Amino acid sequence: MFKDKVETIIASDESELRKLQLVILEIMKVIDQICQDNNIDYWIDAGTLLGAKRHGGFIPWDDDCDICMMRKDYNRFIGLIKDQLPDGLIYENKDCKDWSQKDVDIQPSFLKIFYLGHFSGFERASGLPCIGTFVDIFPMDPMNDKLIDSKIGKFMHKISFFRKSKPRKLRDHIKILLQNSGLEELWINKCAKLEDNGDAPYIVYGVDTPFMTREFLKKKDQIFPLSSIEFEGCQLKAPRDVHAYLEDLYGDYMEIPPEEERVPHILDLKI
């Protein structure tokens, strides 16, 4: 079913970017259905939420989607998708041994749902070749002011979230050693205890993302209870206060950026 929908999109008269967006939308529908079927909460985040609010769907030049889940839901979701992803989709995270993007030597630790067919291009950040398209899913953890500003918190942020798939320097090997030492799980458990002790007024992106910093602390009541928002004709879950959430991230989020800043993540996209 998923692959049939993709082939219909590819055969359409839409532009390459729009075809990619529509395939991502089909991935989002799969994720949303799995979450609905299994009582898992998520919310769309960052540029995806901005696109929903400002454009009713994708930002016209955007080429990915972002989702957040609290850690318990995130772990449950990973356990479920091993059997519930349709043919044509795969998932990758820090536990995967074989990274699909063979030419890119940095492997994210957070979860990515990939469709690897049809599309190719070059990463804007690295300039390296990449294939397919994806949805990013970020784990979120309880947090407070003291822990986010602690020395151990800043240390954990430095050693986590990206894995070198082709380590060349000594510091790359040291970082991999630290990543495999169990420190991340100790940190995640420490964050969970904040919630258990009633000492977590905020949530923040997990240690396995690039965003575990004070800048991205979010008040719980800004997010929960979740709402819904229209995205490309679908209803997807969103933070309770979309305006405050986006204002914290972007300031005047309704202002369209200048044309030179309207750049996708994948350059020279081809089908």
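The values are calculated or read from the model by the stated rules, or taken from the named source; none is laboratory data. All figures in this text were calculated on a predicted structure; none of them were measured in a lab. Neighbour counts are summed over all protein chains in view; Cβ atoms, including those assigned to glycine, are modelled from backbone coordinates with ideal geometry. Side chains included, ligands, DNA and RNA excluded: accessible areas come from the protein's heavy atoms. Shrake-Rupley method; radii C 1.70, N 1.55, O 1.52, S 1.80 Å.
Backbone geometry of segment 235-247 corresponds, through the Karplus equation with coefficients 6.51, -1.76 and 1.60 at θ = phi - 60°, to 3J(HN,Hα) couplings of 9, 10, 6, 9, x, 4, 10, 4, 4, 5, 4, 6, 5 Hz, x marking Gly and Pro. Placing a pseudo-label 7 Å from each Cα along the Cα-to-Cβ vector at residue 177 and residue 120 gives an inter-label distance of 3.9 nm. Zone of residue 267 (label point 7 Å along Cα→Cβ, backbone N under 18 Å): which residues in segment 46-70? Backbone N within reach: 61-64. Compared with the alpha-carbon gap, the fully stretched path from residue 128 to residue 244 is longer by 38.2 nm at 0.36 nm per residue. Taking a point 7 Å out from the Cα of residue 215 in the direction of its Cβ, the residues of segment 240-268 whose backbone N falls within less than 13 Å of it are 249-251.
Taking amide H as placed 1.01 Å from N in the peptide plane, residue 106 has its amide H under 5 Å from the amide H of 165, each at least 5 places away in sequence or on another chain. In whole percents, the pair-distance distribution calculated for segment 180-261 from its alpha-carbon pairs, binned every 5 Å from zero, is 3, 12, 15, 19, 18, 15, 8, 6, 3, 0. May I ask you to give the average projected area over all directions of the convex hull of the Cα atoms of segment 1-111, in nm² rounded to one decimal? The orientation-averaged projected area of the Cα hull of segment 1-111 comes to 8.1 nm². For segment 88-140, the set of trypsin sites (Lys or Arg not before Pro) satisfying both a DSSP loop assignment and a count of at most 16 other C-beta atoms within 10 Å is given as 97, 102, 124.
Remark: segment 116-130, residue by residue, has Karplus-estimated 3J(HN,Hα) of 9, x, 6, 9, 8, x, 9, 4, 4, 5, 9, x, 8, x, 9 Hz, where x stands for each Gly or Pro and the curve is 6.51 cos²θ - 1.76 cosθ + 1.60 at θ = phi - 60°. Lysines within cross-link reach of residue 5: Cα-Cα under 24 Å, excluding same-chain residues under 8 positions apart? Excluding near neighbours in sequence, the set is 19, 29, 82, 112, 237, 270. Summed over all non-identical Cα pairs, the Kirkwood treatment of the chain gives a radius of 19.5 Å. Computed over protein heavy atoms with a 1.4 Å probe, the carbon and sulfur contribution to the accessible area of the chain reaches 52%.
Dividing the summed -39500 (n - 2.57) terms of all DSSP H runs of n ≥ 4 by the residue count of the chain sets its mean residue ellipticity at 222 nm at -11500 deg cm²/dmol. Its residue count N fixes a reference of 2.2 N^0.38 Å for segment 113-152, and the Cα radius of gyration divided by that reference is 1.92. Once both labels are positioned 7 Å from their Cα atoms along Cα-to-Cβ, the gap between residue 170 and residue 145 label points is 4.1 nm. Accessible area per residue for the chain, computed on protein heavy atoms with a 1.4 Å probe, is 50 Å².
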